[in-house]
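Quick note: the coordinates plus some simple rules give every number you see, no bench work behind them. Just so it is clear, the structure is predicted and the values come from calculations on it, not from any experiment. Quick reminder, even Gly has a Cβ in these numbers, built from the backbone with ideal geometry, and neighbours come from all protein chains shown.
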């Protein structure tokens, strides 16, 4: 809780949303802006009962069916990936750029692209209709650049 509160204050100071991964109850306790749900976490319907109007994003891997389900329950955003090989965690699902274009044909729900995104491939995801990018490994596990330098390479 102490670390969570410190992170919340840093986010607030920098005008950045504070999203908790996997845990709607912790999201509520910390007063975070929202929660991201994986497919093995609480379902969005139950999370909405706990979190009300807070941000709730849902991992959809590479599945239009999972995306449609998340959209049905008014997910704040839907996440697809991994688009590229990730060093952050082992990924079972590979998403293609085509899924971004397909999903945009039937929803305005914001799309987050995840998995192996770096300073070379990120623009291609944005050009193919991803609204946001989750870029943790490139920033935090980069052997060539420190975190701030890595972020600057993305601009």
*Give region 9-34 a look and list any residue that's part of a strand (DSSP E or B) and under 13 Å from residue 51 (Cβ atoms), or say none.*
19, 20, 34
*Got a number for residues in region 103-115 being surrounded by 17 or more Cβ atoms within 10 Å (Cβ to Cβ) and touching a helix residue (DSSP H, G or I) at 6+ places or on another chain (Cβ under 7 Å)?*
4
*So which residues in region 39-68 are closer than 25 Å to residue 9 by Cα and within 17 Å of the chain's Cα centre (by Cα)?*
47, 54, 55, 56, 57, 58
*In region 112-150, how many residues are under 18 Å from residue 61 (Cα atoms) and assigned to a loop (DSSP other than H, G, I, E, B)?*
8
*Criterion: touching a helix residue (DSSP H, G or I) at 6+ places or on another chain (Cβ under 9 Å) and surrounded by 18 or more Cβ atoms within 10 Å (Cβ to Cβ) - qualifying residue of 75, 95*: 75
*Which of the residues that make up region 15-50 are surrounded by 17 or more Cβ atoms within 10 Å (Cβ to Cβ) and out of contact with any strand residue (DSSP E or B) (no Cβ under 7 Å at 6 or more places or on another chain)?*
18, 41, 42
_Return the residues of region 51-60 that are outside any helix (DSSP H, G or I) and in contact with a strand residue (DSSP E or B) (Cβ under 7 Å, 6 or more places away or on another chain); say none if nothing qualifies._
54, 55, 56, 57, 58, 59, 60
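Among the residues of region 71-81, is any part of a loop (DSSP other than H, G, I, E, B) and at positive phi?
Among the residues of region 71-81, at least one is part of a loop (DSSP other than H, G, I, E, B) and at positive phi, which makes the answer yes.
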*Do we find that residue 90 is without any contact (Cβ under 8 Å) to a residue 12 or more places away in the chain, surrounded by 13 or more Cβ atoms within 10 Å (Cβ to Cβ) and either out of contact with any strand residue (DSSP E or B) (no Cβ under 6 Å at 6 or more places or on another chain) or farther than 27 Å from residue 120 by Cα (or both) in this structure?*
no
